[in-house]
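Heads up, the thing below is written out as structure tokens.
The values are calculated or read from the model by the stated rules, or taken from the named source; none is laboratory data. The shown structure was predicted, so the numbers you read here are calculated from the model rather than taken from an experiment. Cβ: placed from backbone, ideal geometry, glycine included. Neighbour counts: every protein chain shown. Just the protein is used for accessible areas: all its heavy atoms, side chains included, with ligands, DNA and RNA removed. Shrake-Rupley method; radii C 1.70, N 1.55, O 1.52, S 1.80 Å.
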Amino acid sequence: MTDPNFEIEAQRLSLTFFDPSNDSHCDFLVELYNAPEILATNGGIAPPIGDREAARKILTGEQDERLRSGDMYGKYLVTLKSPPPSDNDTPSLALHQYGEKIGIVTLNLRKGQNSFTVPEIGYWFLKKGRGRGYATEATGALMKYLEEEKGQRELFGFCNPDNKASKGVLKRLGFEARGIATLKTFGGIVGAVWARPGMNEDLSVYGV
Ligand SMILES: CC(C)(COP(=O)(O)OP(=O)(O)OC[C@H]1O[C@@H](n2cnc3c(N)ncnc32)[C@H](O)[C@@H]1OP(=O)(O)O)[C@@H](O)C(=O)NCCC(=O)NCCS
């Protein structure tokens, strides 16, 4: 089992690994992957998850791989640490409460012949967790943890060139736009490439 005490704390948020034995974690993954607002923008790279047991299988596979390799890849569950400040003009946010699950941050290094040599971060938030800076805060906390605790500074962010919300997160986190590329590890889709400052201008050194 992944260390149950592992947690990355951000100002308003908590990041943990998913626990595949926890039904509520599995159910949240199903909810997220089936949410219309997620399906609308994910370009088919994260198809809907059928049910709790299908989610459990995915999360167990990720956990096993982490235990085997000792690496940090996979999905991080993002929960609210405390209620957001009262916000009368955003009624849905009044539903927020301690421990509410609002999204995930991902860290991936795809394996295989066409793999890149630097991991990529991603973020997927339910509608109710958007528009408050949570995605930026959660991803920033993971980046800080990776740099300070794991020495992993180099990171990519990939997104659909039309995905303004995703670009916004990358910009706020200080990523630099490095053009458009065919992303071999995503089945050859064309995507915008963002990299952290200081990374080589020639992306081919990373296999991009
Ligand atoms: C991409 C995604 C995570 C961005 O969510 P988001 O909430 O817009 O991003 P942030 O957390 O950075 O929040 C920024 C917004 O919160 C607002 N905000 C409100 N309070 C804030 C606060 N205290 N701090 C920071 N920002 C705050 C900002 O002004 C900004 O609003 P704007 O976009 O209207 O300018 C979300 O759209 C999503 O899940 N999309 C579907 C999945 C997806 O496409 N993922 C990317 C794949 S590459």
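I need a count of the residues in the stretch 8-22 that are more than 13 Å from Gly103 (Cα to Cα) and part of a strand (DSSP E or B). Count: 2.
β-branched (Val, Ile, Thr) and within 13 Å of the ligand (Cβ to nearest atom) - does that describe any residue in the stretch 173-186? Within the stretch 173-186, not a single residue is β-branched (Val, Ile, Thr) and within 13 Å of the ligand (Cβ to nearest atom).
Count of the stretch 23-37 residues, restricted to those that are within 12 Å of the ligand (Cβ to nearest atom) and open to solvent by 30 Å² or more (accessible area, probe 1.4 Å), is 3.
Any residue that is more than 14 Å from the ligand (Cβ to nearest atom), under 28 Å from Ser69 (Cβ atoms) and not in a strand (DSSP E or B) - is there at least one of those in the stretch 130-143? No, the conditions are met nowhere in the stretch 130-143. If you check Leu170 against the conditions, is it closer than 16 Å to Trp124 by Cα and either within 14 Å of the ligand (Cβ to nearest atom) or in contact with a helix residue (DSSP H, G or I) (Cβ under 9 Å, 6 or more places away or on another chain) (or both)? It is true that Leu170 is closer than 16 Å to Trp124 by Cα and either within 14 Å of the ligand (Cβ to nearest atom) or in contact with a helix residue (DSSP H, G or I) (Cβ under 9 Å, 6 or more places away or on another chain) (or both).
Each row is one residue, and each column tells you yes or no for (1) of a type in the set (S, T, N, Q); (2) open to solvent by less than 40 Å² (accessible area, probe 1.4 Å).
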{"site": "Thr106", "(1), (2)": "yes, yes"}
{"site": "Pro119", "(1), (2)": "no, yes"}
{"site": "Glu176", "(1), (2)": "no, no"}
{"site": "Gly188", "(1), (2)": "no, yes"}
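Only one of the numbered conditions (1) more than 28 Å from Lys150 (Cβ to Cβ); (2) modelled with pLDDT under 90; (3) acidic (Asp, Glu) is violated by Glu53, and that is (2). Could you please let me know if Ala165 is buried (at least 21 other Cβ atoms within 10 Å of the Cβ) and under 16 Å from the mean Cα position of the chain (by Cα)? Against the criterion (buried (at least 21 other Cβ atoms within 10 Å of the Cβ) and under 16 Å from the mean Cα position of the chain (by Cα)), Ala165 does not qualify. If you go through the stretch 114-129 and keep only what is within 14 Å of the ligand (Cβ to nearest atom) and either of a type in the set (A, V, I, L, M) or touching a Ser or Thr at 6+ places or on another chain (Cβ under 6 Å) (or both), you end up with Ile121, Gly122, Tyr123, Leu126, Lys128. Considered as a group, the residues in the stretch 150-208 that are part of a helix (DSSP H, G or I) and small (Gly, Ala, Ser) include one that is modelled with the lowest pLDDT, and that residue is Ser204.
Residue-wise test of (1) at pLDDT below 90; (2) out of contact with any Phe, Trp or Tyr (no Cβ under 6 Å at 6 or more places or on another chain); (3) open to solvent by less than 30 Å² (accessible area, probe 1.4 Å); (4) of a type in the set (Ser, Thr, Tyr).
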position	(1), (2), (3), (4)
Ile8	no, no, yes, no
Asp19	no, yes, no, no
Leu39	no, yes, no, no
Gly44	yes, yes, no, no
Pro47	yes, yes, no, no
Ile58	no, yes, no, no
Val78	no, yes, yes, no
